[in-house]
Amino acid sequence: MIFLIGCGPIVLDLEPDSTLPDTSLPDLGWQVQGDDAGAFVGVELDALGDEVLISAEDAVAVHALDGQVHAFSEGRLHIDAQGLTSVAVFGDQLALGFGGSDTVWLLNQDLEGLHTAGAGTALAPEGAEAFGTSVAPLDMDGDGLDELAVGAPDDAWTFGRASVYDDDLADTLVRVTGSWTGDALGEQVAGADVDGDGYDDLVACSARFADYGADASGLCGVVPGSAAPSSEGTIARKGLTLRGEAEDDGLGSSLAVGDLDDDGADEVLIGTAVGVVHLVAGGSWVDELALSETETLAGDKALAVGPGGVVLRTEPDVSVVVDGATVDAWSGESGEVLGDSAIWMGDALLVGSASWSHYGQMRGRVLTVD
Ligand SMILES: [Ca+2]
Ligand SMILES: [Ca+2]
Ligand SMILES: [Ca+2]
């Protein structure tokens, strides 16, 4: 294990790409690197106050943005989490989803009190269903306390479901499913106030959703929040849905939400399997929406949305798009695919790159690029 404290900025061997407006990663004031081969640091990123929660393949760590280069294991919080599939900052806790074992763990942010969330609460699997494949916080009833959304895409008939549990996990507020075998709803869940009414709405997607016989065309649906949110049934009948147009479009293979224009309504960025990413303006999810009513961008993964712009991956690069134009783009090192994850932290953009190699060891890293 190599510790990197005090190494200072690292000079990268960058590969120029003349097709991009900005082809080099800027000064690496802050970076977190995997300690070992196979760490795959940077799979997912979440904000935890002023700190950043970094997920690796089988571990999570919390690091401050302090202008240093660190090893992943040196974070304030570092826990091994074999089989981790998703992470959410939920109230004053972390929710860790393990879809392979149908478990969601809760961890106090001070590192105390790791416990399974199922016993004695509504937050429990209904069977072997990949419960915890996705988790996300959202304040669906607008009381200032977060509820927790959990996706379970692989139930017995693979309809899949997405559920929202109230802030003390005592009740299930929302329980929506796919329409048919193979739909696998809940591969992606997010909380966002897409209509700007002050109540977070549940956004749930499945790239495997089959629409009128078109296998894996994909679907993203929105269940609106309210003072007393309650919903049960098939998400495709909720009205607020966006559907892929053709077989294997894979709409909803990636999902990012955030307020791009600071008007109080969150934008939704939805990836597909066919090289385009759809940007849905906040406030417009009032009825059934057609793909043609969204802004279509070239890219293969939706990464982040914030006042600094829309962030997407066009393998192997990461781009920031404002008003349809690419204003920044970065390439990694040779063989590196940037953009497993990205997050805006104020004006700074953090990008995760699980494929980053160091002396031939696949370690992964997270770095600031703005
Ligand atoms: Ca709430
Ligand atoms: Ca709303
Ligand atoms: Ca907005």
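A short reminder: the numbers here are calculations on the coordinates, not readings from a lab. Being a predicted model, the structure only gives us computed values, none of them experimental. Here the Cβ is made from the backbone with ideal geometry for all residues, glycine too, and neighbour counts use every protein chain on show.
Let me know the volume per residue of the alpha-carbon convex hull for the chain, in Å³.
Numbers: hull volume 46.8 nm³, N = 370.
It is 126 Å³ per residue.
Using a 7 Å offset from the Cα along the Cα-to-Cβ direction at both ASP263 and THR116, what is the distance between the two label points in nm, to one decimal?
4.7 nm
Please identify which residues in the range 187-223 have an amide N closer than 12 Å to a label point set 7 Å out from the Cα of ASP248, following the Cα→Cβ vector.
Hits in the range 187-223 for ASP248 at 12 Å: 215-217.
When the chain is fully extended, how far beyond the present Cα-Cα distance does ASP36 get from ALA128, taking 0.36 nm per residue of separation?
29.9 nm
Based only on other Cβ atoms within 10 Å, what is the fewest-to-most ordering of HIS70, HIS78?
Working: HIS70 21, HIS78 17.
Taking fewest neighbouring Cβ atoms as first place, the list is HIS78, HIS70.
Mind running the shape call on the range 181-226? Use the C-alpha gyration tensor, a ≥ b ≥ c as the square roots of the eigenvalues: rounded below 1.5 for a/c, prolate if a/b tops b/c, oblate otherwise.
Details: a/c = 3.61, a/b = 2.70, b/c = 1.34.
In terms of gyration-tensor shape, prolate.
For the chain, what is the charge dipole size about the Cα centre, in debye to the nearest 20, if Lys and Arg each add +1 at the Cβ and Asp and Glu each add -1 at the Cβ? Please list the in-between numbers first.
Values: 11 positive and 67 negative charges, 175 e Å.
My answer is approximately 840 debye.
At q = 0.14 Å⁻¹, what log₁₀ I(q)/I(0) does the range 88-250 have when each alpha carbon counts as one equal point scatterer in the Debye sum?
-0.64
Can you give the Rg/Rh ratio of the range 189-254, where Rg is from the C-alpha atoms and Rh is the Kirkwood radius?
Details: Rg = 12.5 Å, Rh = 12.2 Å.
Taking Rh as the inverse mean 1/r over Cα pairs, Rg/Rh reads 1.02.
Starting from 0.36 nm per residue, how many nanometres of slack lie between ALA348 and ALA214 once their C-alpha separation is accounted for? Working shown, then result.
Details: separation 134, 0.36 × 134 = 48.24 nm, distance 4.04 nm.
So the extension gain works out to 44.2 nm.
Dividing the alpha-carbon radius of gyration of the range 43-158 by 2.2 N^0.38 Å (N being the number of residues), what value is obtained? Can you show the working numbers first?
Details: Rg = 14.5 Å, N = 116, 2.2 N^0.38 = 13.4 Å.
Dividing the Cα Rg of the range 43-158 by 2.2 N^0.38 Å gives 1.08.
Sorted from largest down, what three extents in whole angstroms do the Cα atoms of the range 265-316 have along their principal axes?
35, 25, 11
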